[in-house]
Amino acid sequence: MNEPKPTKPAKIARALMLTAMVAVLMLTACGRQSLTPKSGGRPYEVVVVGDEGGAVRSELQQSVEVLPQEEPQFDVRAIRANQYNLAAQTSRSIVVTAIDPHLTRTTIRYERDAVAKPQIIIYLTAPSREQLLHDAPQWGKQLRALLNRHETNIAVAHLRANRNAEAEKRISETFGVSMNVPADLVAWKQAEQFLWFSTNATEGVRCICLYTIRPGGDFAAMRDSVMKRNLPGETDSMYMQTRRQELKAEPIADSHGLQRTIWRGLWEMKNDAMGGPFVARVESMPGRHELLVAEAFVYAPETTKRNKMRLTEAALWTLKTKGGK
């Protein structure tokens with residue numbers, strides 16, 4: 001038996017019902033998203049739960065490499081397990097430590113944006129306190145890497161929403177690459193194959209430079225030559241130079257076959273009292289017999305430099321060359 005065809009009013013009613021159902025689903029999804037609160041806490045601050053004995057605190061407060069004075073990698077706020085309330089659970093970075101005798105080894109797992117956003121919650125579980133201490137060199141390195149990557153992702157997301165479009169245009173036109181530049185780096189200087197951007201501040205100055213060097217040479221010598229030529233001091237006898245004794249290199253090969261080296265070190269102004277930390281990303285460029293250097297450095301006398309340096313360094317990780325990432 002053939003079913004009767006729906007009348008026009010029935011078609012309209014069915015369409016209205018479907019429209020209403022879609023609207024309810026969309027409102028429900030939007031409601032879920034709006035219910036996720038914004039995470040709290042300062043950059044590089046970590047809430048550590050249940051850290052009896054302070055092993056996690058000790059690992060997270062290891063000194064940052066290559067700074068003029070010692071600064072911890074993270075600021076730790078330790079609380080007991082019974083203090084892990086809603087306020088603590090909405091922190092941006094959390095490490096929850098527990099002992100489970102049923103385990104045979106120390107484990108790490110993590111979840112993102114579970115209670116707040118942006119957020120990472122890392123669960124560190126060991127069979128015993130003794131095993132936790134024994135495994136500290138391994139899980140400590142993992143914790144620091146996860147938390148550093150989380151903070152870098154937050155900084156990059158903030159940077160992409162607060163960019164200096166004019167500076168980015170200059171970078172593209174000069175070097176044929178793209179890179180995000182923080183919006184507050186408003187001072188600038190341009191020379192042949194050289195760009196410098198800086199905050200227009202009297203203290204806590206943050207800078208980014210881009211320039212090219214030849215492959216295979218002495219990095220410190222080439223860097224010093226570029227800086228002496230393009231960023232001289234108040235007199236001819238004053239110029240920026242690299243402190244070789246603190247210079248450290250980390251070679252990296254990416255999946256595109258491009259060679260990259262991350263240099264970290266300290267700079268000082270010859271015949272002057274100025275100085276501070278720097279990090280340089282040296283990148284090969286396809287089809288060009290030269291290397292591109294994207295460098296961040298700060299000058300912040302008599303104050304901490306960790307966050308200023310890392311905030312500026314985040315811009316280097318947005319660099320994209322043709323044929324690479």
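The values are calculated or read from the model by the stated rules, or taken from the named source; none is laboratory data. The model shown is predicted, which means the values in this text are computed figures rather than measured ones. Cβ: placed from backbone, ideal geometry, glycine included. Neighbour counts: every protein chain shown. The area values use the complete protein model at the heavy-atom level, side chains included, leaving out ligands, DNA and RNA. Shrake-Rupley method; radii C 1.70, N 1.55, O 1.52, S 1.80 Å.
The 3J(HN,Hα) values that the Karplus relation (6.51, -1.76, 1.60; θ = phi - 60°) gives for segment 120-136 are, in residue order, 10, 10, 10, 9, 10, 10, 10, x, 7, 5, 4, 5, 4, 5, 4, 8, 3 Hz. Gly and Pro appear as x. When only alpha carbons are used to place a centre, segment 98-167 and segment 256-325 end up 25 Å from one another. Starting from the Cα of residue 52, step 7 Å along the direction of its Cβ; do the same at residue 131; then give the gap between the two resulting points in nm. Between residue 52 and residue 131, the simple spin-label model gives 1.6 nm.
Surface analysis of the chain yields an accessible area of 56 Å² per residue, using protein heavy atoms and a 1.4 Å probe.
Note on residue 141: aspartates and glutamates with a C-alpha under 20 Å away, same-chain residues under 8 apart excluded, are 45, 51, 52, 59, 65, 70, 71, 75, 111, 130, 151, 250.
Taking a point 7 Å from the Cα of residue 317 along the Cα-to-Cβ direction, the residues of segment 265-295 with backbone N closer than 16 Å to it are 279-282, 295. Legend: distances between Cα atoms for 169/305; 169/189; 189/228; 189/308; pairs beyond 19 Å are 169/305; 189/308.
Helix 165-175 and the longest principal axis of the Cα set of the chain meet at an angle near 60°.
With each label modelled as a point 7 angstrom along the Cα→C-beta vector, the residue 236-residue 214 pair spans 2.5 nm.
Within the shell defined by Cβ-Cβ distances under 15 Å, the residues around residue 105 carry a net charge of -1, with Lys and Arg each +1 and Asp and Glu each -1.
Using a 1.4 Å probe over the heavy atoms of the protein chains, calculate the carbon and sulfur portion of the accessible area of the chain as a whole percent. Working shown, then result.
Values: 9680 of 18260 Å².
Heavy-atom surface of the chain belonging to carbon and sulfur, 1.4 Å probe: 53 percent.
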